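**Student:** Okay, here's the structure, questions in a sec.
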Amino acid sequence: NAALLEEHDIWYSVPSKPGTAIHVALDGKYRGYVLLSDALRPNAFEALEELRANGATRLAMLTGDVRSVSRMIASSLNFDMVKAELSSEEKASAVRYLRSEHGERTYIAAVGDGSHDAAMFEAADVSVCLEDTPQITADLNISSDDILTLPLVYRICRETGRAFLITSAGLAFLKVLLLILGLTATLPLWLILIADCVADIAAVLYALTCLTLEKRGS
């Protein structure tokens with residue numbers, strides 16, 4: 001890279017087009033460069049907009065790529081913040097900074113696709129790896145090539161949490177109510193037992209709606 005050439009006092013040409021330059025030098029003389037640029041994943045813009053629509057409040061791009069490429073991609077995908085040319089530890093520091101900036105009640109999900117994101121995964125509340133790689137320790141591994149799977153997973157997790165809260169609160173209220181009705185002899189015992197079973201079945205059926213969401217997305 002350019003920094004290595006500067007360390008060896010080798011003059012190099014600065015590319016006029018955006019991209020990641022791989023410079024080539026031989027015997028202390030500059031020979032040229034190869035310019036690389038990443039292609040956006042299909043449906044990347046739609047996936048990020050769906051995340052916003054489903055409740056994600058801020059989207060940040062943390063990358064090791066050069067600034068020129070990163071800013072161009074971040075602009076086309078409408079990211080709120082972009083940090084480029086970051087090492088693995090610098091990505092983790094950026095995640096910790098985002099948490100301190102937004103308070104303890106903020107939950108951060110880190111999305112990556114390789115072992116160089118391990119430190120970032122550790123710093124985040126939820127880690128999502130877009131490659132089903134055994135050596136990557138993440139809370140969630142998505143092996144699908146379709147980036148639209150990411151907002152689908154977001155919705156499933158949100159609906160699962162909502163179903164848990166509703167069923168837990170509803171069952172607690174109903175069981176306390178049935179207990180009171182039983183102790184006061186307002187209802188016969190057999191009717192209370194039937195009502196309790198019906199409440200349990202209803203809670204399970206409501207929780208299964210999360211599976212229907214997954215099937216619609218697949």
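**Student:** Size of the chain along its principal axes in angstrom, Cα-based, largest extent first?
**Tutor:** On the principal axes, the chain reaches 95, 34, 31 Å in Cα extent.
**Student:** Roughly how many debye, to the nearest 20, is the charge dipole of the range 70-218 about its Cα centre, given +1 on each Lys and Arg Cβ, -1 on each Asp and Glu Cβ, and no other charges? Mind dumping the intermediate values first?
**Tutor:** Details: 12 positive and 19 negative charges, 137 e Å.
About 660 debye.
**Student:** Let me ask another. So if each residue of separation counts as 0.36 nm, and I subtract the Cα-Cα distance between Leu4 and Lys175, what length gain in nm does that give? Don't skip to the end; give the middle numbers.
**Tutor:** Details: separation 171, 0.36 × 171 = 61.56 nm, distance 6.92 nm.
This chain segment gains 54.6 nm when fully extended.
**Student:** Still on this structure, I have one more. With every protein chain present, what is the per residue accessible area of the chain (1.4 Å probe, Å²)? If you can, show how the numbers build up before the last one.
**Tutor:** Working: 14220 Å² over 218 residues.
Per residue, the chain has 65 Å² of solvent-accessible surface.
**Student:** Restricting attention to the range 1-92, which chymotrypsin sites (Phe, Trp or Tyr not before Pro) occupy a DSSP loop and are surrounded by at most 10 other Cβ atoms within 10 Å? It would help to have the intermediate numbers written out before the result.
**Tutor:** Working: sites: Trp11, Tyr12, Tyr30, Tyr33, Phe45, Phe79; in loops: Trp11, Tyr12, Phe79.
Loop-located and lightly packed - Trp11.
**Student:** Want the number for Asp125 to Ile22: 0.36 nm per residue separation, take away the alpha-carbon distance, what's left? Don't skip to the answer; put the middle values down first.
**Tutor:** On the way: separation 103, 0.36 × 103 = 37.08 nm, distance 3.50 nm.
Additional length available on full extension: 33.6 nm.
**Student:** A further question on this structure: Test of understanding: what is the full-extension gain from Leu40 to Asp145, defined as 0.36 nm times their sequence separation minus their Cα-Cα distance?
**Tutor:** Working: separation 105, 0.36 × 105 = 37.80 nm, distance 1.23 nm.
So the extension gain works out to 36.6 nm.
**Student:** Could you tell me which of rounded, prolate or oblate describes the range 1-53, using a ≥ b ≥ c as the square roots of the eigenvalues of the alpha-carbon gyration tensor, with rounded for a/c under 1.5 and, failing that, prolate when a/b is larger than b/c and oblate otherwise?
**Tutor:** Values: a/c = 4.64, a/b = 3.42, b/c = 1.35.
Note, shape of the range 1-53 comes out prolate.
**Student:** Let me ask you something else. Considering the alpha-carbon set of the range 138-218 alone, what are its Rg and its Dmax in angstrom?
**Tutor:** Cα-based Rg and Dmax for the range 138-218 come out at 18.2, 60 Å.
**Student:** Given a Förster distance of 25 Å, report the FRET efficiency between Arg162 and Glu85 from their Cβ-Cβ distance, rounded to the nearest 0.05.
**Tutor:** 0.05
**Student:** Leaving ligands, DNA and RNA out of it, report the carbon-plus-sulfur percent of the accessible area of the range 42-117 at a 1.4 Å probe. Don't skip to the answer; put the middle values down first.
**Tutor:** Numbers: 2160 of 4390 Å².
Accessible surface attributable to carbon and sulfur in the range 42-117 totals 49 percent.
**Student:** May I pose another question? Tell me which of Pro188, Tyr97, Phe173 sits at the most positive position along the dipole axis of the chain, charges placed on C-beta atoms (Lys, Arg +1; Asp, Glu -1).
**Tutor:** Pro188
**Student:** Kindly provide log₁₀ I(q)/I(0) values, in the same order as q = 0.16, 0.18, 0.20, 0.25 Å⁻¹, from the Debye equation applied to equal alpha-carbon scatterers of the range 1-95.
**Tutor:** Evaluating at q = 0.16, 0.18, 0.20, 0.25 Å⁻¹ gives log10 I(q)/I(0) of -0.78, -0.90, -1.02, -1.28.
**Student:** If you line up the long axis of helix 67-77 against the longest principal axis of the chain, both from Cα atoms, how many degrees apart are they, to the nearest 10?
**Tutor:** Rounded to the nearest ten degrees, it is 40.
**Student:** OK, next. Determine the calculated [θ] at 222 nm for the chain from helices alone, applying -39500 (n - 2.57) to every DSSP H run no shorter than 4 residues and normalising by the residue count; nearest 500 deg cm²/dmol.
**Tutor:** On the way: 8 runs with 111 residues, N = 218.
The helix-only estimate for the chain comes to -16500 deg cm²/dmol at 222 nm.
The values are calculated or read from the model by the stated rules, or taken from the named source; none is laboratory data. For clarity, every value in this text was computed on a predicted model and none was experimentally measured. Here the Cβ is made from the backbone with ideal geometry for all residues, glycine too, and neighbour counts use every protein chain on show. Protein only, heavy atoms only, side chains kept; ligands, DNA and RNA dropped before computing areas. Shrake-Rupley method; radii C 1.70, N 1.55, O 1.52, S 1.80 Å.
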